[in-house]
Structure formats: C-alpha cells, structure tokens
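Please read the structure below before turning to the comments.
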Amino acid sequence: MSLLIRGGTVVTADMEERADVFCDEGKIVAVGPDLEAPITAEVIDAGGQYVMPGGIDPHTHMQLPFMGTVASEDFFTGTAAAMAGGTTQIIDFVIPDPEQPLMAAYKDWRSWAEKAAADYSFHVAITWWDESVHQDMETLVMEEGVNSFKHFMAYKGAIMADDEILYNSFTRALELGAIPTVHAENGEMVIQLQQKLMSEGITGPKGHPLSRPPQAEGEAANRAIRLAEVIGTPLYVVHVSCRQALEEIIRARLEGHRVYGEVLAGHLLVDESVYDSQDFEYAAAHVMSPPFRAKEHQAALWKGLQSGSLQTTATDHCCFKADQKAMGKDDFTQIPNGTGGVEDRLAVLWHHGVNTGRLTRSEFVAATSTNAAKIFNIYPRKGSIHVGADADLVVWDPKATRTISAKTHHQNVDFNIFEGMTVEGTNSHTVSQGKITFANGDLRAERGAGRYIKRPRFV
Ligand code: URQ
Ligand code: ZN
Ligand code: ZN
C-alpha cells in the first residue's frame, strides 16, 4: 500500500519547504512539490499542516517490573498511545536484576515487546558486574544492535551502579563502540535522607522531593561526567531535571567533552508544588525520580533546550495506577516511582515551545526526533524525511486544539501529569512504516506491527 501526503509543509531539523511526501513499502520514496501517485495510493490532505519526522521517545519503561509491582502500560498500549500523539519509535530499557545474566533479561524484554504496535529499541542497564557482564555486553553490541548502556546511580539496594561498576562498564562500552547513559542521582545521599525523613515522621509523598535534592543530581552528574572524561567516552545524561545537573553538562561541553543531556516534557512543565497537595493520590501520582522541581529549574531547563545544551526530549513513561502508588501510603519510599506522558510529549512541547517562540519548528523536530536518532545512531533511517528513510511521519495541524485528560488519553494509566492542559497544535495523522496508524482521533494501532530496531555501534 502506498501513501501520498499532499499539500503540506515539510519541516525537518534543517529546513522547511512546501513539499509532498510519497511513501511505499514502508519507506519514503519521494519528497517534492506536486508529486504524482498511483490511483491506488492512500492520500492525506496535509494542506495548512506540517509534515515532520515521527517523534522518537528515547526514554520509556513499558511494563517495567519495579518496586514490587509492574508498570501498568505495556508495549502494545504504550506504543499505541505514543502513535496517538505522533511518536513513532520508543527506546525502552532492559533492566537486569543484580546477578541476572544480561542475555536472560534481554530475552525477557524482547518477548514482552513483540506485541508493540510501533518500532522500538532497547538501552540495556548495567546493574552489576562480573566477567559474564563484560562478555554479554559484547554480544549485545555485536549481535543484537544495542549501542547504549544505562547506569542507575540511584536506587541503592536495588539496581544502583556504584563507581566500580560505572568505571568497568564505561570502559567496556568505549571498547565496544557503545555510549554509556546515566540516571544521575547520588544513591547514598538519597537513601540516607529517606531514612532521616522517615525517622522524623515525614512519611507522605512530600518526603520524596525532600529526599532527592538537586544537589544529589548535580553531584552524580558531575561524577559520571568526570569518570567518562577520564575514560575517554561520550556520555548521555537522562532526565536532567535541575539547574545543578544542567550546569555540569554545560561546563563539560564547554571543555569540549562529548556529553549529551535529555530533558523530560514533565520536568519542563510541572513543578514541585504538586507534592504540597494534601490528597495522597494526587501527590503520589507525581512521585518520580528525579522529582519535579522548583519553578527556577523549569526556566533553566528551557534555556538549556533552547541553547542546545540539552539535545533531546523524552517522557520516562513509566506508569503506575492509584492502587499501585498506594503501596507507599504510609511510607513514601515505597511509592512506585514513575509518571506517564508518551502520548502528550509532542503536543505540550509544541504548545509551550513553538507557540511561545522558545523553539523554532526545526528545533522542535530536532528535540523530539532527529537528535535522538543521531545520538543513538539510527539517523537518517529514523528522524529524517529523506528518500529511503523509514516512512515514520507525523502530520501536524498547528491550529487544532485539545485538552489533555486521563479521561480521554489512550495511555493505560488513571492519571495524567498534564491534566486539563489545553494545547494548540496536535497531530491530525501519524504514519508508521508507511501506514496511517492515527487519523483525526481514529487510532489504528496493530498489535505486533512494531519492529525491533537495531542500532549500529559507533566506529
Ligand atoms: O528511574 C527511572 O528512570 C525509572 C525507574 C522510572 N521511574 C522514575 O521515577 N523515573
Ligand atoms: Zn531514571
Ligand atoms: Zn527511566
């Protein structure tokens, strides 16, 4: 089945032009004005709309087993919701338990993801170390198309990577041509503060941000950056949430060190006041790490994104419903950490980024798709509108408005951190592998249609 997207303005990370896009066999076949198409082609009338590369969300956790439960969003519902909002690829995480063979965990996640409706890839977390991990990293890079390894510097007692693991793994990643990534929070500082707060009787969700100050993130970001610098490897810092961590990245980049920063749509738009709510359910729904911060940090993060100090946006989509969050009713350290957003990232960033003048349309494309494709080495197959690229596209109506709500979203979670936000600009159509998977509210996600996308090593 072929598809002609006619009459739109193509926007890429580099340029804009009035052009049609013709897709066939899942690939972009032609880009240009007034294209002819076979009579059998499906046609999208994109007049007055923008045609952009489909969003890439480099940070999701579909059906993650975590903190004694499993995230409510699975790979089918999560990728379907992603396409409802214009995102056509996710990069999720294989997170082995300590002592669990990497390849065993990898096989689990691959089997869970077979139901995905859109394309997906995996970062693999290094949560422990021995010779088998050293060896499995090579298998993952050379045979499975994994080119990024994640390190949680938080979550002591669970999946935390200490400095020895960081050093060994960063060194191995460099040898293999893979990029290390980090969740940068000082896990020891956090656990000490958690114990102190609990002993002082601060057991509610308010304890969560108090136990994870920006200093814990800034310290860890710097530590990871300096380890990477000494070892000689690039570094990707996920969910940069505060000025302290951003400043460490800016300093490193000014020194010529290849450090990339990712910012979540949530951290750009939601602040710490959510934890002041007396409603446990509301406050607990916002428990994620790093926590939502004071307003000064949102301003810093927007400047970081606008200035190019932060390169990608993501959601860290990791959903837990109210009954799961209630596991921490009497102890905030037991509230499963995570919030959603995979469906709304593009719309909230367009509304608060492009409509406000913070970002140009091309910068929006770079931040929601192209930069992630480049950093994780799948450009121009992904993140571009080049002939020969995968036909993953979003048709964007800048005049359409919608109000975000858990009552209407497609995400399998009973809460939305952007609840009630009205946005101007949203996708009228999403195209995945050359097929229309979302059209004017009609979601046509197909279970299992998503493909595992290998990401070549860096040579
Ligand atoms: O830390 C992460 O990125 C995972 C475990 C999702 N949860 C979260 O609070 N960010
Ligand atoms: Zn994290
Ligand atoms: Zn995460």
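The single condition from (1) acidic (Asp, Glu); (2) crowded, with 22+ Cβ neighbours inside 10 Å; (3) under 20 Å from His317 (Cβ atoms) that Glu281 fails is (2). For segment 18-41, filtering for residues that are over 17 Å from Asp390 (Cα atoms), surrounded by 13 or more Cβ atoms within 10 Å (Cβ to Cβ) and of a type outside the set (Gly, Ala, Ser) leaves 1.
Considering segment 239-283, the residues that are aromatic (Phe, Trp, Tyr) and under 24 Å from Val413 (Cβ atoms) include one that is nearest to ligand 3 (Cβ to nearest atom), namely Tyr275.
Considering each residue of segment 137-145 in turn, at least one proves to be over 30 Å from Ser432 (Cβ atoms) and more than 16 Å from ligand 2 (Cβ to nearest atom).
Selection within segment 147-205: residues that are acidic (Asp, Glu) and in a helix (DSSP H, G or I). The member of this set that is farthest from ligand 1 (Cβ to nearest atom) is Glu175. Selection of segment 331-353 for residues being of a type in the set (A, V, I, L, M), away from ligand 2 (no atom under 16 Å from the Cβ) and touching a Gly at 6+ places or on another chain (Cβ under 7 Å) yields Leu346, Ala347. When residues in segment 56-70 are screened for being farther than 27 Å from Gln311 by Cα and within 16 Å of ligand 2 (Cβ to nearest atom), 3 of them pass.
The residues on offer are Glu219, Glu144, and the sole one that is touching a residue at least 12 places away in the same chain (Cβ under 8 Å), closer than 23 Å to Ala245 by Cβ and not basic (Lys, Arg) is Glu219.
Screening Val274 against (1) within 16 Å of ligand 1 (Cβ to nearest atom); (2) closer than 23 Å to Ala373 by Cβ leaves a single unmet condition, (2).
Among the residues making up segment 288-330, those that are under 20 Å from Ala220 (Cα atoms), within 13 Å of ligand 1 (Cβ to nearest atom) and in contact with a Gly (Cβ under 8 Å, 6 or more places away or on another chain) are Met288, Phe292, Asp316.
In segment 322-354, of all residues being out of contact with any helix residue (DSSP H, G or I) (no Cβ under 9 Å at 6 or more places or on another chain) and surrounded by fewer than 18 Cβ atoms within 10 Å (Cβ to Cβ), the one that is nearest to Ser405 (Cα to Cα) corresponds to Asp323.
Scanning segment 308-317 for any residue that is surrounded by 21 or more Cβ atoms within 10 Å (Cβ to Cβ), among the acidic types (Asp, Glu) and closer than 24 Å to Gln244 by Cα turns up at least one such residue.
If we keep just the residues of segment 291-323 that are out of contact with any Pro (no Cβ under 8 Å at 6 or more places or on another chain) and within 14 Å of ligand 3 (Cβ to nearest atom), which is nearest to Thr360 (Cα to Cα)? Top of the filtered list is Thr313. If you go through segment 380-431 and keep only what is surrounded by fewer than 24 Cβ atoms within 10 Å (Cβ to Cβ), of a type in the set (Lys, Arg) and under 27 Å from Glu16 (Cβ atoms), you end up with Arg381, Lys399, Arg402.
Considering Val124, Val146, the condition of being away from ligand 3 (no atom under 16 Å from the Cβ) and within 25 Å of Ala81 (Cα to Cα) is satisfied by Val146 alone. Within segment 253-269, the residues that satisfy the criterion of being buried (at least 22 other Cβ atoms within 10 Å of the Cβ) and either small (Gly, Ala, Ser) or in contact with a His (Cβ under 9 Å, 6 or more places away or on another chain) (or both) are Gly261, Glu262, Val263, Leu264, Ala265, Gly266, His267, Leu268. For Ser432, are the conditions met, namely being more than 22 Å from Leu305 (Cα to Cα) and at pLDDT 95 or above? Taking the combined requirement at face value, the residue satisfies it.
Within segment 235-250, the set of residues being of a type in the set (Val, Ile, Thr) and either within 12 Å of ligand 2 (Cβ to nearest atom) or buried (at least 24 other Cβ atoms within 10 Å of the Cβ) (or both) comprises Val237, Val238, Val240, Ile249.
Only residues that are within 21 Å of the chain's Cα centre (by Cα) and either within 16 Å of ligand 2 (Cβ to nearest atom) or more than 13 Å from Phe320 (Cβ to Cβ) (or both): list them for segment 275-295, please. Matches in segment 275-295: His286, Val287, Met288, Ser289, Pro290, Pro291, Phe292, Arg293. Among the conditions (1) closer than 22 Å to Trp109 by Cβ; (2) aliphatic (A, V, I, L, M); (3) in contact with a helix residue (DSSP H, G or I) (Cβ under 9 Å, 6 or more places away or on another chain), Met52 misses just one, which is (1). Checking each residue in segment 216-240 for being of a type in the set (D, E, K, R) and within 16 Å of ligand 1 (Cβ to nearest atom) picks out only Glu217.
The values are calculated or read from the model by the stated rules, or taken from the named source; none is laboratory data. Not measured: the values here are computed from a predicted model. In this analysis, Cβ positions are derived from the backbone assuming ideal geometry, glycine residues included, and neighbour counts consider all displayed protein chains.
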